[in-house]
Amino acid sequence: MVGVHLVGGVIGTLLIGLFATESAPNKTAGLFYGGGFTLLGTQALATAAVLAYSFAVTWICAKIVQFTVGLRIDEQDELRSIDIAAHAEEAHVIDEEPRAARFALEDANVSRESRRRAPVSGRTRRPDTGARRPDLPKPATP
């Protein structure tokens, strides 16, 4: 996301200083339309100000999170599998369980069969089709 929003925003903002015409709302032409460096300089200063503000606010928010709940998961959970430790589910497992996931599951005393039966995060429907997961029991009807 940083690449899209940061780079796209900076490039778009600076290009206004190059390609703006006098028919724009501020009635100022860009460098390529005879306006000189005035608008380009203004756009560059505004870009630098927004970058500095965004960095400062993000840094403050990250420090608050770091001192309250922490920014990192435990190293042991990270080595075993973040998906299992944080979400109680596996990701990117095709044919066989990766070694880290297998050890994490053994440590948690969770069998593969019980994981198949339990819905993750309360989901009972498949997100791609909306169909009911076949491994879950049907709800009781009154």
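Throughout, read-outs are computed from the coordinates displayed, never taken from laboratory work. This is a predicted model, so every value here is computed, not measured. Positions of Cβ are generated from backbone atoms using ideal geometry, with glycine treated the same way; all protein chains shown enter the neighbour counts.
Overview of results
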| quantity | calculated |
| --- | --- |
| Pairs with Cβ under 7 Å, 6+ apart, first in the range 80-92 and without any contact (Cβ under 8 Å) to a residue 60 or more places away in the chain, second part of a loop (DSSP other than H, G, I, E, B) and among the β-branched types (Val, Ile, Thr) | Ile82/Ile73; Ala85/Ile73; Ala86/Ile73 |
| Residue that is among the β-branched types (Val, Ile, Thr), surrounded by 10 or more Cβ atoms within 10 Å (Cβ to Cβ), assigned to a helix (DSSP H, G or I) and within 28 Å of the chain's Cα centre (by Cα), where the choices are Val65, Val4 | Val65 |
| Test: residue in the range 77-86 that is outside any helix (DSSP H, G or I) and of a type in the set (D, E, K, R) | no |
| Which numbered condition Ala44 misses (of (1) of a type in the set (A, V, I, L, M); (2) exposed (fewer than 12 other Cβ atoms within 10 Å of the Cβ); (3) closer than 19 Å to Gly9 by Cα) | (2) |
